[in-house]
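Below is one structure, written out as structure tokens, with a few remarks after it.
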Amino acid sequence: MTPRITIDEAGKHAGETVQIAGWLYNLRRSGKIAFPILRDGHGLMQCVAVKSSLPEELFETVKNLTQESSIIVTGKVRAEQRAPGGYEMDLEGLEVVQRVTEADPYPITPKDHGTEFLMDHRHLWLRSQRQHAIIRVRHAVIKAVRDYFDSHGFTLVDTPIFTPAACEGTTTLFEVDYFDDNKAYLTQSGQLYNEATAMAFGKTYCFGPTFRAEKSKTRRHLTEFWMVEPEMAYAGLEDVKRVAEEMLVYIVGHVLETRAEELKRLERDVAKLEAIQAPFARMSYDEAIRILQAKGSEIQWGSDFGGADETLLTEDQKGPLMVDRFPASFKAFYFEPAPDNPDVVLGVDVLAPEGYGEIIGGGQRIYDLDLLLKRIEDHKLPKEAFDWYIDLRKYGAVPHGGFGMGIERCVAWICGLEHIRETIAFPRMLYRLRP
RNA sequence: UCCUCAGUAGCUCAAUGGUAGAGCAUUCGGCUGUUAACCGAAGGGUUGUAGGUUCGAGUCCUACCUGAGGAGCCA
């Protein structure tokens, strides 16, 4: 029986007759020779069908194949400079699994298409070379994230998606019915639960989908996105910054090592990724405000950065920039105040270079019971909803901290994409719920 | 939610207020090394929807719908 291989293995089978199962990517033909190009999810393989050396019926079948028809081809693999990928198959046999009809041809042609059309056909768009490369980089990013935490003493403890109330009380939540007359909300962060798991396991991380019902309509926002959130007991702001830095360096290194081909297809300038090395630039919020004002920004102390401010701050940076010690006024209730200045908190944002903006936000959490109670009251949050969270400050409270990283923003940066929507198979955005 | 821009063939786009067109895709024909193959021919339209101005509207005006980019907010 003919061995079945995938296209990425073709180099190991030069000179052998093998079988490949896939889909017709493109077909060029003249009267007596045809070049069907097969796609199998691992690569592209150009096949050669010569009329004079094949049964007439088989040549006719090949000549009349339609784009994206599913086929299983048999033939001899041969090194060939002229073929994309460097190998070519001399076709000997072909089985059509399902033929796409002429009456209803594959909608995505090798020509240009607009965003709306491609998004409406996202389920098919994923077959294209560019989308394939992006999703493969995403996989590598996720694997690197898991490998990093798994090999640094973190335990994976995933947090719930249904939550009883706001984690942070600020952003808008998706509300769902939860039996009888109860309401549940889709999680916007696993952090508060992570603080509990860190007290049980020392170092933990969760990795899962996150939901934000904000009506944001920009190239950096999804309503459903994936976030990795580590949390560490007996840790302070400097520990959080060190882990974030190590993790990012590890992720970029892993992608460079394992996805060079994909980055090339995306025309990513890898020199910019190779420059991502520790230590990252660090500055305080105070310093950032001085720099922004010197560069002509209207920003005043006490306001969060706008998108333009983030770009101004990072334009001179080769790597990510860490900004810490933010005013307490616009940060969430749980941040630990700086011991030397109660107006600022021990939070840190990591801004990606090249204008990609904030990819990580985190910091040190409050562990003093009275201070936490005061902050909950100041933020006018319902104390009852936080009873279990408050418990953590009664039973062996310790300094602790962590951060959250948006996977899609990280992938968009590493791939050098214009828009975050291409970094997830089926993006959920304001006004976009299909397919 | 606000601001800006766009909507014409299956797709990407053209068309001074005066007969709606091209490339790709599809169908038919040709071509033995193609690289988004090429050459010839054919079919394909309620110009987003509803009103209005005008002798005449794809084009001008109003409202709505859909989409894109940005703002605010955030990862």
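The values are calculated or read from the model by the stated rules, or taken from the named source; none is laboratory data. All figures in this text were calculated on a predicted structure; none of them were measured in a lab. Cβ placement follows ideal geometry from the backbone for every residue including glycine, while neighbour counts extend to all protein chains displayed. Ligands, DNA and RNA are excluded from the accessible area calculation, which covers all protein heavy atoms including side chains. Shrake-Rupley method; radii C 1.70, N 1.55, O 1.52, S 1.80 Å.
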| request: Considering every residue within the range A:387-402, establish whether at least one is near RNA strand B (Cβ under 10 Å from one of its atoms) and touching a strand residue (DSSP E or B) at 6+ places or on another chain (Cβ under 9 Å). | output: no
| message | Which condition from (1) of a type in the set (Lys, Arg); (2) more than 16 Å from RNA strand B (Cβ to nearest atom); (3) surrounded by 14 or more Cβ atoms within 10 Å (Cβ to Cβ) is the one that A:Arg290 breaks? | response | (3)
| field | Pick from the range A:83-120, criterion more than 35 Å from the chain's Cα centre (by Cα) and part of a loop (DSSP other than H, G, I, E, B), ranking: nearest to RNA strand B (Cβ to nearest atom) | value | A:Glu102
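Assess whether A:Leu237 counts as being away from RNA strand B (no atom under 12 Å from the Cβ) and touching an Asp or Glu at 6+ places or on another chain (Cβ under 9 Å).
yes
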| task | Name, by its number, the condition in (1) part of a loop (DSSP other than H, G, I, E, B); (2) in contact (Cβ under 8 Å) with a residue 40 or more places away in the chain; (3) within 21 Å of the chain's Cα centre (by Cα); (4) more than 22 Å from A:Glu262 (Cβ to Cβ) that does not hold for A:Arg127. | result | (4)
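For the range A:165-186, state whether one or more residues are within 9 Å of RNA strand B (Cβ to nearest atom), touching a Ser or Thr at 6+ places or on another chain (Cβ under 7 Å), closer than 21 Å to A:Asp391 by Cα and modelled with pLDDT of 85 or more.
As a first pass, look at the range A:165-186 and keep what is within 9 Å of RNA strand B (Cβ to nearest atom): A:168, A:170-172.
Narrowing further to those that are touching a Ser or Thr at 6+ places or on another chain (Cβ under 7 Å): A:168.
With the extra rule that they be closer than 21 Å to A:Asp391 by Cα, the set shrinks to A:168.
Going one step further and asking which of them are modelled with pLDDT of 85 or more, we end up with none.
No; the residues of the range A:165-186 include none that is within 9 Å of RNA strand B (Cβ to nearest atom), touching a Ser or Thr at 6+ places or on another chain (Cβ under 7 Å), closer than 21 Å to A:Asp391 by Cα and modelled with pLDDT of 85 or more.
For the range A:203-239, enumerate the residues that are under 21 Å from the mean Cα position of the chain (by Cα), among the hydrophobic types (A, V, I, L, M, F, W, C) and either modelled with pLDDT of 95 or more or part of a strand (DSSP E or B) (or both).
As a first pass, look at the range A:203-239 and keep what is under 21 Å from the mean Cα position of the chain (by Cα): A:204-231.
Subset that is among the hydrophobic types (A, V, I, L, M, F, W, C): A:206-207, A:211, A:213, A:222, A:225-228.
Matches in the range A:203-239: A:Cys206, A:Phe207, A:Phe211, A:Phe225, A:Trp226, A:Met227, A:Val228.
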| task | Can you give me the number of residues within the range A:293-313 that are outside any helix (DSSP H, G or I) and either at negative phi or open to solvent by 30 Å² or more (accessible area, probe 1.4 Å) (or both)? | result | 11
| Checking A:Val350 against (1) among the hydrophobic types (A, V, I, L, M, F, W, C); (2) surrounded by fewer than 20 Cβ atoms within 10 Å (Cβ to Cβ); (3) within 21 Å of A:Cys410 (Cβ to Cβ), which test does it fail? | (2)
| query | Does A:Lys12 count as out of contact with any Cys (no Cβ under 7 Å at 6 or more places or on another chain), near RNA strand B (Cβ under 10 Å from one of its atoms) and without any contact (Cβ under 8 Å) to a residue 40 or more places away in the chain? | reply | no
| task | For the range A:57-82, enumerate the residues that are more than 11 Å from RNA strand B (Cβ to nearest atom), without any contact (Cβ under 8 Å) to a residue 40 or more places away in the chain and surrounded by 16 or more Cβ atoms within 10 Å (Cβ to Cβ). | result | A:Thr61, A:Val62
